[in-house]
1. Would you be able to say whether some residue in region 97-108 is within 18 Å of Phe152 (Cβ to Cβ), touching a helix residue (DSSP H, G or I) at 6+ places or on another chain (Cβ under 7 Å) and either assigned to a loop (DSSP other than H, G, I, E, B) or touching a residue at least 60 places away in the same chain (Cβ under 8 Å) (or both)?
2. Could you check, for region 55-76, whether at least one of its residues is under 16 Å from the mean Cα position of the chain (by Cα), aliphatic (A, V, I, L, M) and open to solvent by less than 50 Å² (accessible area, probe 1.4 Å)?
3. State which residue is modelled with the lowest pLDDT when the search covers only region 2-32 and only residues that are surrounded by 20 or more Cβ atoms within 10 Å (Cβ to Cβ) and of a type in the set (A, V, I, L, M, F, W, C).
4. Within region 33-54, track down each residue that is open to solvent by less than 60 Å² (accessible area, probe 1.4 Å), on the phi < 0 side of the Ramachandran plot and of a type outside the set (Val, Ile, Thr).
Amino acid sequence: MQVKGNSFTEKVYQYYQQNQQGRDTSSVTWQGMLSQAWGGALTEPEDPSQQILSDYEAWKAQQPPRNLPGSQGATEENKAYLREHYSGRLSLFERLDAADTMVEMGILSREQMLEALGMGKLQLRAIDKNTPLIRSMGPVGHDSRFDAWSDFFYAAPLMQADTLSRLFQELDGSLAFFSKKDAAAEEVRAVLGQLTHRVVA
């Protein structure tokens, strides 16, 4: 994830990266993190999914207006738009924006998007046993409120989706998992499957 701003999400991600690199973060406190964040509303900092969505909305409001194709669903023009506007490595908010754009295009529902990315009521997590999770290099009194963020950054499907093709793969795999409870997911999976095979990372 690229870190370009000072939203709470980006500040906590910087902290997480420092921990993963083994750097000392003992001087970082939860209250200090709250006081440093700007550029977004502090809605629910103890809930990564809700705070990330809030910070994403603040980020999106600063982006230039865009003109989506007029069609709804997985039309050729919508697919072409996605390929053109979301190329290369995507920052965290760009990943959300690509998925959110698919919602606006009618390719998937908001609930499907949130669940597929690990931000819904049921939250998928993918653990890589080859990559250790370092939660904190801080003092013994480390604030456990950071732990939910560390877990999210380490294992949420959204964090694995750093390109459009990987985003499609995460959406496809997650929708397959949830397809038993949502019959519409099969149709969405078929659409995402078509996109996945035609997008180069």
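The values are calculated or read from the model by the stated rules, or taken from the named source; none is laboratory data. Bear in mind the structure is a predicted one, so any value in this text is a computation, not a measurement. Cβ atoms come from the backbone with ideal geometry, glycine included; neighbour counts cover every protein chain shown. Surface areas here come from the heavy atoms of the whole protein model, side chains and all, with no ligands, DNA or RNA. Shrake-Rupley method; radii C 1.70, N 1.55, O 1.52, S 1.80 Å.
1. The answer is yes, given that some residue of region 97-108 is within 18 Å of Phe152 (Cβ to Cβ), touching a helix residue (DSSP H, G or I) at 6+ places or on another chain (Cβ under 7 Å) and either assigned to a loop (DSSP other than H, G, I, E, B) or touching a residue at least 60 places away in the same chain (Cβ under 8 Å) (or both).
2. Within region 55-76 (the criterion being under 16 Å from the mean Cα position of the chain (by Cα), aliphatic (A, V, I, L, M) and open to solvent by less than 50 Å² (accessible area, probe 1.4 Å)), the answer is yes, since at least one residue qualifies.
3. Going through the qualifying residues, I end up with Val28.
4. Met33, Leu34, Ala37, Gly40, Ala41, Pro45, Asp47, Pro48, Ser49, Gln51, Leu53, Ser54
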